[in-house]
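A short write-up of the structure that comes next.
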Amino acid sequence: MSAINREVENAKSVAADAQAHLHQLKDDAARIAQSAVNVGRAGVETVRDKIGQGADAARTAAHDLSDRAVDKGSDLLTALQDKIEENPVQAIAIAAGVGVVLGLLLRRR
């Protein structure tokens, strides 16, 4: 074989090796890209779960606060009813005074 033929064969061999490495590189890049997508999905799912947990905690806290407010309002209403029953004349006088003040304030507008 002549030197030129050897060089041609050598170039073909190098090209074939380069092509094989290029295919391997392409496959590796595809695997890396898929791994990145999987990590991204897992991250999104984690964030979604944390948001759901936060929403559940906020909902529970809002319900607890609402229940406490209703209980407190009920206690205050019961206490007010007890005071009115203990002092009905005083309650009527206070209600009349509040009515007069509101009437004066609203009439000025």
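The values are calculated or read from the model by the stated rules, or taken from the named source; none is laboratory data. The model shown is predicted, which means the values in this text are computed figures rather than measured ones. Glycine gets a Cβ as well: all are built from the backbone with ideal geometry, and neighbour counts include every protein chain shown.
Selection of the range 96-109 for residues being at pLDDT 90 or above and outside any helix (DSSP H, G or I) yields an empty set.
The residue that is modelled with the lowest pLDDT, among those in the range 1-12 that are surrounded by fewer than 10 Cβ atoms within 10 Å (Cβ to Cβ) and of a type outside the set (Val, Ile, Thr), is MET1. Suppose the filter is within 60 Å of the chain's Cα centre (by Cα) and modelled with pLDDT under 85; does ALA15 pass it? Yes. Among the residues of the range 30-45, are any more than 45 Å from the chain's Cα centre (by Cα) and of a type outside the set (Asp, Glu)? No, that holds for no residue.
Scanning the range 65-95 for residues that are of a type in the set (S, T, N, Q) and in a helix (DSSP H, G or I) yields SER66, SER74, THR78, GLN81, GLN90.
Of all the listed residues (ARG41, ARG59, ARG48), the sole one being modelled with pLDDT of 85 or more and basic (Lys, Arg) is ARG59.
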